[in-house]
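**Student:** The structure follows.
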Amino acid sequence: MVNWKCLTQEEAATRWDQNLLCFDDFTHSQTFSWGEYRRACGWRPYRWAAYDKGEKIVAMTQGLLRAYPGKTGVIWVAGGPVGNIEACGKTLMRAMMETTGMKRLYCRINLARQHNAQDALTLQSNGWRRTGSPLLSGMSMLYNPLVDEAIRLADCTRNWRHNLRRSEKHGLSVHLWEKPDIDSVYAIYHSMQDYKNLSQQFSKNELETVFSFMGKHIVLYRCDDEHGEPVSLRGCAIFGSKAWDLFAATSANGRKTYASYGLFWKLMQHCHAAGVKYYDMSGIDPLHNPGVYDFKKGTGALPIEYLGEWEWASSKILNVGANWMIRRRKGRNI
C-alpha cells in the first residue's frame with residue numbers, strides 16, 4: 001500500500017526533478033519546467049508522489065487539469081506516470097479527486113515505457129482501460145547518439161547517407177542557435193506548413209512560452225542557405241542522459257537542399273558530446289505521416305511501442321463525453 005501526496009508548488013520547485021530523474025522511465029513532459037510551460041498555456045499542473053511505508057518515493061505523476069462547469073475536470077498525464085505501475089491504482093485516482101476538488105473527473109495517462117503484457121495486465125487490474133480514441137500512435141523511434149559516429153553512419157540506410165552527402169554540396173551552414181529569434185523560428189514552421197498543407201504546429205505565443213520555461217534544457221540547431229537565410233531547424237530537450245525531439249521544421253527551399261539531414265547529424269554530434277544515450281524521436285505514424293517515418297527510420301533508429309494511452313473516469317457517462325470531446329478536438333488542446 002502506498003500513500004499518494006500532492007506536492008505544493010514550493011516543494012515541487014525544489015524537489016520534483018531531483019526525484020523524477022531517479023526513475024528509468026522519466027520523460028521531459030513529466031518535469032517541473034514542462035508543467036510550468038503547460039500552466040502558461042492554460043492548464044493547471046498537479047504533481048503527486050507515491051510514498052511507501054518507509055517514506056520512499058516509488059512512483060510520480062504530473063497531471064494537467066482542465067476544469068469545466070459543475071466541478072467537472074479532465075486530467076492529461078503526458079509521459080507518465082513513472083515508477084512502480086502497481087502503485088498507480090485506486091489510491092492515485094482518489095488522490096486526484098480529493099486534491100483537485102472535482103466531483104466528476106476523467107483522467108488519461110500516456111505511459112512512455114516499453115509495452116509488455118504484464119504491465120498492461122497490472123493497469124487493467126488497477127482500474128485503467130485502453131482508450132478508444134488515442135491522441136498519439138503509441139510508437140516512436142529510439143536513437144543512441146553515444147555510439148561512435150562511424151558506426152552510426154553505417155547504421156543509416158543507403159538512401160539516408162546519400163541525402164546527407166547531398167546536403168554537403170549546397171553551401172549550407174549548420175550552427176547552434178543559442179538565442180533563437182521567435183519570428184524566424186515561426187517563419188520556418190509557417191513555410192513548412194504551407195507547402196505540406198499542415199495545420200499550425202506552434203503559435204508564436206507557444207514558441208515564446210516553451211523557450212521561456214524550458215530554455216535551459218533546449219538545444220536548438222539552425223541551418224542557413226548559402227545566402228545566410230535560415231531554411232531548417234531542429235531542437236531537443238535534454239535531461240540527464242536522455243533527450244526528446246521538440247522542434248523540427250524545414251522550409252520549401254531547405255527541402256530542396258536536403259538541409260534536414262545535415263541538421264540532424266549536427267544535433268546528434270552535440271548530443272554525443274553531451275553524453276546522451278537515449279534520444280526519443282517523439283513519435284512516428286507510418287500510416288498517416290510516412291515521410292517523417294522514413295526519415296527517422298533511415299537514421300538507423302530502432303522502433304519502440306510504448307504502453308501508451310489508458311483512461312479512467314468517475315462515471316461511464318463522463319467517459320463517453322470526454323472521448324467524444326477529445327475526438328472532436330484531436331490535434332488541439334483538450
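The values are calculated or read from the model by the stated rules, or taken from the named source; none is laboratory data. Only a predicted model underlies this, so the values are computations on that prediction, with no experimental measurement involved. Ideal geometry is used to build each Cβ from the backbone, glycine not excepted, and the neighbour counts take in all protein chains shown.
**Student:** Looking only at the range 21-38, how many residues end up being among the hydrophobic types (A, V, I, L, M, F, W, C), within 13 Å of the chain's Cα centre (by Cα) and either more than 17 Å from Thr8 (Cα to Cα) or in a loop (DSSP other than H, G, I, E, B) (or both)?
**Tutor:** Residues meeting the conditions: 1.
**Student:** Which condition number in (1) touching a Phe, Trp or Tyr at 6+ places or on another chain (Cβ under 6 Å); (2) closer than 20 Å to Glu226 by Cβ is the one that Ser191 fails?
**Tutor:** Answer for Ser191: the failing condition is (1).
**Student:** Name the one entry in Gln114, Gln62 that is assigned by TED's automatic domain parsing to the domain that holds Leu318 and touching a residue at least 60 places away in the same chain (Cβ under 8 Å).
**Tutor:** The match here is Gln114.
**Student:** Tell me whether the range 153-163 contains one or more residues that are of a type outside the set (D, E, K, R), surrounded by 18 or more Cβ atoms within 10 Å (Cβ to Cβ) and modelled with pLDDT under 95.
**Tutor:** no
**Student:** Being assigned to a strand (DSSP E or B) and among the polar types (S, T, N, Q) is the filter; apply it to the range 67-115 and report the residue that is surrounded by the fewest Cβ atoms within 10 Å (Cβ to Cβ).
**Tutor:** Gln114
**Student:** Conditions: (1) assigned to a loop (DSSP other than H, G, I, E, B); (2) over 21 Å from Arg104 (Cα atoms). Asp17 meets all but one. Number of the miss?
**Tutor:** (1)
**Student:** From the list Tyr221, Tyr186, Tyr195, which one is surrounded by 12 or more Cβ atoms within 10 Å (Cβ to Cβ) and either touching a strand residue (DSSP E or B) at 6+ places or on another chain (Cβ under 6 Å) or at pLDDT 95 or above (or both)?
**Tutor:** The match here is Tyr221.
**Student:** Moving on to the next point. Could you look through the range 122-137, keep only residues that are surrounded by 14 or more Cβ atoms within 10 Å (Cβ to Cβ) and in a helix (DSSP H, G or I), and pick out the one that is nearest to the chain's Cα centre (by Cα)?
**Tutor:** Step by step, filter the range 122-137, then rank; the result is Leu123.
**Student:** Scan the range 317-334 and give yes if some residue there is at pLDDT 90 or above, β-branched (Val, Ile, Thr) and outside the structural domain of Tyr106 (by TED's automatic domain parsing), otherwise no.
**Tutor:** Among the residues of the range 317-334, not one is at pLDDT 90 or above, β-branched (Val, Ile, Thr) and outside the structural domain of Tyr106 (by TED's automatic domain parsing), which makes the answer no.
**Student:** Give the residues of the range 194-219 that are over 16 Å from the mean Cα position of the chain (by Cα) and not in a helix (DSSP H, G or I), sorted by residue number.
**Tutor:** Asn197, Leu198, Ser199, Gln200, Ser203
Table: residues versus (1) within 22 Å of the chain's Cα centre (by Cα); (2) polar (S, T, N, Q).
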| residue | (1), (2) |
| --- | --- |
| Asn110 | yes, yes |
| Ala120 | yes, no |
| Met139 | yes, no |
| Asn144 | yes, yes |
| Ile151 | no, no |
| Ala154 | no, no |
| Arg166 | no, no |
| Val174 | no, no |
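**Student:** Still on this model: State whether one or more residues within the range 37-44 are in contact with a Gly (Cβ under 6 Å, 6 or more places away or on another chain), free of Cβ contacts under 8 Å to residues at least 40 places away in the same chain and within 26 Å of Lys204 (Cβ to Cβ).
**Tutor:** There is no residue in the range 37-44 that is in contact with a Gly (Cβ under 6 Å, 6 or more places away or on another chain), free of Cβ contacts under 8 Å to residues at least 40 places away in the same chain and within 26 Å of Lys204 (Cβ to Cβ).
**Student:** Quickly run through the range 148-182 and pick out the residues that are under 18 Å from Arg234 (Cα atoms) and not hydrophobic (A, V, I, L, M, F, W, C).
**Tutor:** Asn163, Ser167, Glu168, Ser173, His175, Glu178, Lys179, Pro180, Asp181 - these are the residues of the range 148-182 that are under 18 Å from Arg234 (Cα atoms) and not hydrophobic (A, V, I, L, M, F, W, C).
**Student:** If you take the residues in the range 7-38 that are touching a Phe, Trp or Tyr at 6+ places or on another chain (Cβ under 6 Å) and aliphatic (A, V, I, L, M), which one is farthest from Lys277 (Cα to Cα)?
**Tutor:** Per the criteria, the residue is Ala12.
**Student:** Here is a follow-up. Across the range 238-262, what is the number of residues that are crowded, with 21+ Cβ neighbours inside 10 Å, over 14 Å from Pro145 (Cβ atoms) and not aromatic (Phe, Trp, Tyr)?
**Tutor:** 9
**Student:** Listed residues Ala12, Ala49; which is of a type in the set (A, V, I, L, M) and either in a helix (DSSP H, G or I) or not assigned by TED's automatic domain parsing to the domain that holds Cys88 (or both)?
**Tutor:** Ala12
**Student:** If you don't mind, another one. In the set Leu287, Leu263, which member is in contact (Cβ under 8 Å) with a residue 60 or more places away in the chain and of a type in the set (A, V, I, L, M)?
**Tutor:** Answer to the selection: Leu263.
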